[in-house]
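J.: Pasting a structure here, questions to come.
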Amino acid sequence: MINGGTGQFDNGPYYPLPFARAWSRGTPDSGAAHAQLLPKFRLADGSELIATAYIKDIETAGAGPERTVSFRQDELARVGQAGPVKDARLRVETTYRFAPGRVTRTDIYTAPAPLHVERLSLEFASFSEAAEVKGAGISFGQGRVERFEVSGIPGCRAEPTAGRADFQSPEGPMKTLVHCQQTDFEITRPLTVEWTLTYH
C-alpha cells in the first residue's frame, strides 16, 4: 500500500490500487480529475474527497488461491491543494478480495454526522475495448479486462477515450472510460460501494 505526499497524493500512480500490465495503470501527474477506481465525493461546500493518504491498520489473510487485504482511513483526503488535507466528515473501511481472474474492492463509508453529497463518482480507465453495458456492469469485447461491475452507485456508462491526454500512460493509451455517478443525496447510515473486475 503506497500513498503520496505533497504534489503526489492525488495522482493515480500513488493510489492504493492493484496495478498490472494491460489491466490498470495510474496516469502520471493526472490529479484527481479522473480518480482511477476510487470513489470521489463532491460535497455541498465544493470540497472533493478521495481515500488515498491516511491508511492505517493494514491486514492480510488468505486461504487457497484467494487473498484479502483490508485497511481503514479515519479521514479522507481533500483534493485541490498541493498536499492532502484531512477531512473527517467521511471515513472508510476498505477490503480487497483477490482470486484467480477476479479482484473485488469493497468500501464502507460512514459519516459521523448526516452529510449531503452533491456528487459521488467512480471511474475506470481501461485498456480494453468494445465496451457494452450489460446489467449492473460493463462487458468488454477486446482486451485483458472482461467485465467491470459496480454496486452502490447507479448509472454507469462507457465511452471511448479517443486519445485524450488524460488517459495516456507509459504503457500506452487507455481505450475506454467507464463512469458511474450518483448526485444529490444524504449519507445518514453506512454506504457501501463495491466494484468487481474480472480478467484473463
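J.: Quick one: Karplus J couplings for region 64-76, per residue in order, coefficients 6.51, -1.76, 1.60, θ = phi - 60°, nearest Hz, x for Gly and Pro?
T.: x, x, 9, 9, 10, 10, 9, 6, 9, 9, 7, 9, 8
J.: When N counts the residues of region 12-199, how does its alpha-carbon radius of gyration compare numerically with 2.2 N^0.38 Å, as a ratio?
T.: Region 12-199 yields a ratio of 1.00.
J.: So for the chain, averaging the separation of alpha carbon pairs under 8 Å that are six or more residues apart and normalising by length, what relative contact order in percent results?
T.: Taking the mean separation of contacting Cα pairs over the length of the chain, I get 21 percent.
J.: Same structure again: If we count trypsin sites (Lys or Arg not before Pro) as exposed when they sit in a DSSP loop and have at most 16 other beta carbons within 10 Å, what is the longest stretch of the chain that avoids them all?
T.: 22-143
J.: Further question on the same structure: Magnitude of the Cβ-charge dipole of the chain, K/R +1 and D/E -1, about the Cα centre, nearest 20 debye?
T.: Taking the Cα centre of the chain as origin, the dipole is about 320 debye.
J.: Quick one: how many lysine pairs does the chain have with C-alpha atoms less than 27 Å apart and a gap of 8 or more or different chains? Give me the count, please.
T.: 6
J.: For region 119-132, in order, what is each residue's ³J(HN,Hα) by Karplus, 6.51 cos²θ - 1.76 cosθ + 1.60 with θ = phi - 60°, in whole Hz (x at glycine and Pro)?
T.: With coefficients 6.51, -1.76 and 1.60, one gets 7, 10, 10, 9, 10, 9, 8, 10, 6, 7, 9, 6, 7, 9 Hz.
Bear in mind that the values in this text are calculations on the coordinates, not laboratory data. For clarity, every value in this text was computed on a predicted model and none was experimentally measured. All Cβ positions, glycine included, derive from the backbone under ideal geometry; neighbour counts span all protein chains shown.
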